[in-house]
Structure formats: structure tokens, C-alpha cells
Amino acid sequence: MEKSYDAVVQAQLIEFFHTDCLNCKEPIFNPLCPECIAKGFEQWISRYPDAKNKTLANIKEFLKRNQRFNNNSQKCVVCRRKSVYLCPYCFTEFLLTTLKKTQADKKIIGEFLFLFNFDFDHNGYYKEGEKLGIF
């Protein structure tokens, strides 16, 4: 007798594949993997060697710790290899927090907020950019 695939079996399979951010639980509408965003961040932060030296080790450690989440979600639209387990907003919020811990000056913070802004609802770090006069 052939094995049947009913709704219950299919639901179990879907459970392992997610399209929501593992941090904020919101649907991921901009599937960019943290690795691709980190590459862009690294290219940009290279203009500021002191901030680069203080941030990249933390970011690489974060990516290494979270490699286990790389299989069960949609693929990145840029590299098409890595899975997207965090929304770009949550990952850039992590980058911003890491940057602030280095005591980067307002110019660097402002530039970061301008270039890496995924706060489309204007409910999070966008407000900080407004205070700095970026937006």
C-alpha cells in the first residue's frame, strides 16, 4: 500500500521550515541573510579602522554562533545559499548595538543609520536617526 500524505504529515513538515524572524517573530519580507548584510557592513566600516577593529570580532562570533539556523528558512535573495533566520531589521539593530558599544561617534552612527536603515515602520532605531538629523 502506498504511503499517503495527509494534512497532518504536511503540517509536521512545515513546522521545520520557517519564514518568520527568530528574534522578533515577524514575517521576513526582505530575505537578506545576516552574512550578506555583514559583508556590506564590513565594506562600509573599513572606512573607520578603529570602529572596524572593535566591531568585526563580535559580528563574526555572532554569525558563527548562529550557523545552526542556516537550513530551515528561505534563502537569501543576494547569495542564494544562506538561509534567512533573522529579518534585516533585527540584524541591523544588533549591528547598531555592537557599534554603540565601541563608543563610535555620532557621525559614524548617523552614517550607519542612513545606509543600513531597515526600520520601515519608523518604530525603532529610525527615531534615533531623527534625533541625529539623519531623516
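Close amide H pairs (under 5 Å, H built 1.01 Å from N) link Val78 with Cys33, residues at least 5 positions away or on another chain. Can you tell which of Tyr89, Asn53, Phe41 lies farthest toward the positive end of the dipole of the stretch 17-131, using +1 and -1 charges on the Cβ of basic and acidic side chains (Lys, Arg; Asp, Glu)? Selected residue: Asn53. Which value in nm describes the separation of the simple spin-label points at Phe120 and Phe135, placed 7 Å from the Cα toward the beta carbon? Taking the simple label geometry, Phe120 and Phe135 are separated by 1.3 nm. Entry note: the stretch 17-131 has Rg to Rh equal to 0.96, where both radii use alpha-carbon atoms and Rh is the Kirkwood radius.
Readers should treat all values here as calculations from the given coordinates under stated rules, not as data from a laboratory. From a predicted model like this one, the values you see are computed outputs, not experimental measurements. Cβ: placed from backbone, ideal geometry, glycine included. Neighbour counts: every protein chain shown.
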